[in-house]
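A short write-up of the structure that comes next.
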Amino acid sequence: MLKDKEIVLGVTGGIAAYKAAELVRLLKKAGAVVHVIMTRSAQEFVTPLTFQTLSGNPVHTELFNLIAEQEIGHISLADRADLFIIAPCTANVIAKIANGIADDMLTTTVMATKAPVLIVPAMNVNMYQNPLYRANEERLRQHGYRFVAPVRGELACGWEGEGKMQEPRIIVEEAVAATTRRDLAGLKVLVTAGPTMEEIDPVRYVSNHSSGKMGFAIARAARLRGAEVTLVAGPTCLEAPWGVATVSVTSALEMREEVLKLAANADVIIKAAAVADYRPATRASNKVKKKSDQLTIDLVKNPDILAELGARKAPGQCLVGFAAETADLVAHARLKLEGKNLDLIVANDVCAPGAGFSVDTNIVRLLYRDGRDEEYPCLPKDEVAGIILDRVKRIRSEERG
């Protein structure tokens, strides 16, 4: 999502400057072109050569440099930037920007740019809590500057508290959000993902092969596009998407309880979870011991969460379901679409190479209530998530006329 984006990274003088080297590496890995500006204080912690090696571009350190100023370097950087990040950003530099002071290469370039600016503060906890600092941050927020809040932890100065620079991978996620169109802003999106586990005893359970990757990709994509997202997830090995309110559940009954509680306030519901159709009629309190060659377990049907959502669907609410099939894909998906009052169903043959569980790609077919049918080739799940959200946006637009 950052491919070929021109990112200017300002590095200021704090011990967290060493983390900016990892940030450059991750931005480059994401496909961005990175230009680094270092303050004089930053060079006391990390050398310009480090950032030049990692970025592959010259590092800018001086405002009055005869070579760089051949093209008026600070203006050139300001104009070419798709995004401006300052990480770490000291209280001093934040105060300068908030009060319009442009007295070095970094602050002058920030003053001249029209690109979004993402500020990543890092400082002593007492400085971070100082009312003067708070006023400066609030002033910048009011002018559209975006912040990645520091985290609580042990600080280099020995204090414990807020002020520790956020991890580079999170900064990259916020960079993606800052450069993504926010066309879903104002929408509340509820997503389900992953399998459910139906316990037989404290050791064993009935489940399926769902990894949760598709649902997690949808939740992340919706958040990046500005939606307020809640993810109800069954047991997975995946890390919750940054910025998404995540509710963890285990069984189908737990998922039903959480989803029905949240559904009434959702504008869009996307049910990507692979909910177990059946659960053991009884759960043994102790491990079932191996006694004979055969074991019979009585199963009872789980509630159909998607059908309940379809029956309760509010006017204007968009409901999307998934159909993971192994045969007669379109026929089964169409029955599910119509029988459960869905606006859109995402069908895929889980036996097809590149479309099954636990892989990073998917091959989907989108079926609509009006009979439309769209087929897509094998694509990364992040890209499939974007397509699904595009179609949700279109459905809502068509309903509003």
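The values are calculated or read from the model by the stated rules, or taken from the named source; none is laboratory data. This is a predicted model, so every value here is computed, not measured. Heads up, the Cβs are rebuilt from the backbone with ideal geometry, glycines too, and the neighbour counts pull from every protein chain shown. For the accessible areas, the whole protein counts, side chains as well, though only heavy atoms, and no ligand, DNA or RNA atoms are used. Shrake-Rupley method; radii C 1.70, N 1.55, O 1.52, S 1.80 Å.
Residues being of a type in the set (A, V, I, L, M, F, W, C) and under 24 Å from Gln317 (Cα atoms): count how many of those fall in the stretch 338-364.
Within the stretch 338-364, the first condition is being of a type in the set (A, V, I, L, M, F, W, C), and the residues that meet it are 342, 344-347, 350-352, 355, 357, 359, 363-364.
Next, from what is left, pick out any that are under 24 Å from Gln317 (Cα atoms): 342, 344-347, 364.
Counting residues in the stretch 338-364 that are of a type in the set (A, V, I, L, M, F, W, C) and under 24 Å from Gln317 (Cα atoms) gives 6.
Which of the residues belonging to the stretch 288-301 are open to solvent by 100 Å² or more (accessible area, probe 1.4 Å) and modelled with pLDDT of 95 or more? Show your work before the answer.
In the first step, residues of the stretch 288-301 are kept if they are open to solvent by 100 Å² or more (accessible area, probe 1.4 Å); the result is 289-291, 293-296, 298, 301.
Selection gives Asp298, Lys301.
Taking helices (runs of 4 or more DSSP H) that fall entirely within the stretch 2-81, which contain at least 2 residues that are open to solvent by less than 40 Å² (accessible area, probe 1.4 Å) and modelled with pLDDT under 95? Let's see the steps before the verdict.
Values: elements: 17-29, 48-55, 73-80.
In the stretch 2-81, the matching helices (runs of 4 or more DSSP H) lie at 73-80.
When you go through Lys188, Lys213, Lys261 one by one, which is the residue that is basic (Lys, Arg) and in contact with a Lys or Arg (Cβ under 6 Å, 6 or more places away or on another chain)?
Details: Lys188 fails: in contact with a Lys or Arg (Cβ under 6 Å, 6 or more places away or on another chain); Lys261 fails: in contact with a Lys or Arg (Cβ under 6 Å, 6 or more places away or on another chain).
Of Lys188, Lys213, Lys261, the one residue that is basic (Lys, Arg) and in contact with a Lys or Arg (Cβ under 6 Å, 6 or more places away or on another chain) is Lys213.
Please verify whether the stretch 280-290 includes one or more residues that are closer than 30 Å to Lys313 by Cα and under 25 Å from the mean Cα position of the chain (by Cα).
Within the stretch 280-290, not a single residue is closer than 30 Å to Lys313 by Cα and under 25 Å from the mean Cα position of the chain (by Cα).
Among the numbered criteria (1) buried (at least 18 other Cβ atoms within 10 Å of the Cβ); (2) out of contact with any Asp or Glu (no Cβ under 7 Å at 6 or more places or on another chain); (3) not in a loop (DSSP other than H, G, I, E, B), which one does Ala266 miss?
All conditions pass for Ala266, except number (3).
Out of the residues in the stretch 179-208 meeting the condition of being of a type in the set (Val, Ile, Thr) and open to solvent by less than 40 Å² (accessible area, probe 1.4 Å), tell me which one is nearest to Ser251 (Cα to Cα). Lay out the reasoning, then the answer.
Residues of the stretch 179-208 that are of a type in the set (Val, Ile, Thr), as a first pass: 179-180, 189, 191-192, 196, 200, 203, 206.
Next, only the ones that are open to solvent by less than 40 Å² (accessible area, probe 1.4 Å) stay: 179-180, 189, 191-192, 196, 200.
On the way: Thr179: 37, Thr180: 35, Val189: 22, Val191: 16, Thr192: 13, Thr196: 5, Ile200: 12 Å.
Ranking the candidates gives Thr196 first.
Taking the stretch 91-121, which residues are among the charged types (D, E, K, R) and buried (at least 17 other Cβ atoms within 10 Å of the Cβ)?
Start the filter on the stretch 91-121 by keeping residues that are among the charged types (D, E, K, R), which leaves 96, 103-104, 114.
Hits for the stretch 91-121 are Lys96, Asp104.
Would you mind stating whether Phe84 is at pLDDT 95 or above, of a type in the set (Phe, Trp, Tyr), within 16 Å of Thr179 (Cα to Cα) and buried (at least 18 other Cβ atoms within 10 Å of the Cβ)? Working first, answer last.
Working: at pLDDT 95 or above: yes; of a type in the set (Phe, Trp, Tyr): yes; within 16 Å of Thr179 (Cα to Cα): yes; buried (at least 18 other Cβ atoms within 10 Å of the Cβ): yes.
Here the answer is yes, as Phe84 does meet what is asked.
Output the qualifying pairs, or none if there are none: Cβ atoms under 7 angstrom, residues six or more apart or on different chains, first residue in the stretch 327-344 and of a type in the set (D, E, K, R), second residue at pLDDT below 95 and open to solvent by 50 Å² or more (accessible area, probe 1.4 Å).
Correct list of pairs: Asp343/Arg369.
Please find, within the stretch 123-140, the residue that is most open to solvent (accessible area, probe 1.4 Å) out of those that are at pLDDT 95 or above and either closer than 20 Å to Ile7 by Cα or aliphatic (A, V, I, L, M) (or both).
Checked the stretch 123-140; the qualifying residue most open to solvent (accessible area, probe 1.4 Å) is Leu132.
Looking only at residues that are within 15 Å of Leu366 (Cα to Cα) and β-branched (Val, Ile, Thr) in the stretch 302-349, which one is surrounded by the fewest Cβ atoms within 10 Å (Cβ to Cβ)?
Among those that are within 15 Å of Leu366 (Cα to Cα) and β-branched (Val, Ile, Thr), it is Val330.
Based on this model, can you work out whether Leu367 counts as under 18 Å from Cys318 (Cβ atoms), part of a loop (DSSP other than H, G, I, E, B) and open to solvent by less than 50 Å² (accessible area, probe 1.4 Å)? Steps first, answer last, please.
Values: under 18 Å from Cys318 (Cβ atoms): yes; part of a loop (DSSP other than H, G, I, E, B): no; open to solvent by less than 50 Å² (accessible area, probe 1.4 Å): yes.
In short, no.
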